[in-house]
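Here's the structure, in structure tokens; my notes come after.
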Amino acid sequence: MTVTAYANGGKRYAALRAPVDYVYLAPIAGTIRVQLYQLIDGEVRVGSRVPSLPFFPYITLSSADRRLIFRPGALNDDTQMLIKDGERAEPGTPLFKTVGEGASSWRTFYDRGVTANVIASVAALPSGAELDPVTFFSTR
């Protein structure tokens, strides 16, 4: 996996790129939250169920002191979920797998120039202060 800096809307992210069949592992222990988003009539919506449009999972891993959010590509076309909403992950637990060449949901939702498979962010808890995601993922 390669990690490069990406910025959007004044926030820092890590752009993660890996080959097809790459499995993303939990870098820390925490609880998983999976939300599915869709782009409907130009609006990003959560909880919608339009079967003819792609679903994009956002995988949030929260510990006592950090929150990581992974934004991979379309569910089933580009991303296969390996963990479920509400489950607990330990370091090294498989979270999801890249199964297609598609870019992160951010390409569809916000920035047509995104080519990375995953856009990730890291925040401190409970403050929510942004942490450097490139350093975080580069040292794992």
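Across the stretch 32-40, a minimum of one residue is classified as surrounded by 14 or more Cβ atoms within 10 Å (Cβ to Cβ), in a strand (DSSP E or B), among the hydroxyl-bearing types (Ser, Thr, Tyr) and within 15 Å of the chain's Cα centre (by Cα). Restricting attention to the stretch 81-94, does a residue exist that is open to solvent by 70 Å² or more (accessible area, probe 1.4 Å) and closer than 23 Å to residue 132 by Cα? Looking through the stretch 81-94, at least one residue is open to solvent by 70 Å² or more (accessible area, probe 1.4 Å) and closer than 23 Å to residue 132 by Cα.
Taking residues in the stretch 30-49 that are farther than 17 Å from residue 62 by Cβ, and partners anywhere that are of a type in the set (Val, Ile, Thr) and open to solvent by less than 60 Å² (accessible area, probe 1.4 Å), the pairs with Cβ atoms closer than 7 Å and at least 6 places apart or on different chains are 37/44; 38/50; 39/108; 40/50; 48/40. Looking at the stretch 57-65, is at least one residue touching a strand residue (DSSP E or B) at 6+ places or on another chain (Cβ under 6 Å), touching a residue at least 60 places away in the same chain (Cβ under 8 Å), closer than 18 Å to residue 128 by Cβ and of a type outside the set (D, E, K, R)? Yes, the conditions are met somewhere in the stretch 57-65. The combined condition, being open to solvent by 70 Å² or more (accessible area, probe 1.4 Å) and part of a loop (DSSP other than H, G, I, E, B), is not fulfilled by residue 111. Considering only the stretch 114-131, state which residues are in a loop (DSSP other than H, G, I, E, B) and open to solvent by 60 Å² or more (accessible area, probe 1.4 Å). 115, 126, 127 - these are the residues of the stretch 114-131 that are in a loop (DSSP other than H, G, I, E, B) and open to solvent by 60 Å² or more (accessible area, probe 1.4 Å). Checked against the criterion of being under 20 Å from residue 87 (Cα atoms), aliphatic (A, V, I, L, M) and touching a residue at least 40 places away in the same chain (Cβ under 8 Å), the stretch 10-24 contains one or more residues that satisfy it.
Going by the conditions given, is residue 84 under 21 Å from residue 25 (Cβ atoms), assigned to a loop (DSSP other than H, G, I, E, B) and among the basic types (Lys, Arg)? Judged against the criteria, residue 84 is a match. Among the residues of the stretch 58-71, is any modelled with pLDDT of 95 or more, closer than 14 Å to residue 36 by Cβ, open to solvent by less than 40 Å² (accessible area, probe 1.4 Å) and touching a helix residue (DSSP H, G or I) at 6+ places or on another chain (Cβ under 9 Å)? Among the residues of the stretch 58-71, at least one is modelled with pLDDT of 95 or more, closer than 14 Å to residue 36 by Cβ, open to solvent by less than 40 Å² (accessible area, probe 1.4 Å) and touching a helix residue (DSSP H, G or I) at 6+ places or on another chain (Cβ under 9 Å), which makes the answer yes.
The values are calculated or read from the model by the stated rules, or taken from the named source; none is laboratory data. Owing to the predicted nature of the structure, the values given are computational and were not obtained by experimental measurement. Don't worry about glycine lacking a Cβ; one is built from the backbone with ideal geometry, like all the others, and counts go over all protein chains shown. When the accessible area is computed, the model is the full protein with side chains, heavy atoms only, and any ligands, DNA or RNA have been set aside. Shrake-Rupley method; radii C 1.70, N 1.55, O 1.52, S 1.80 Å.
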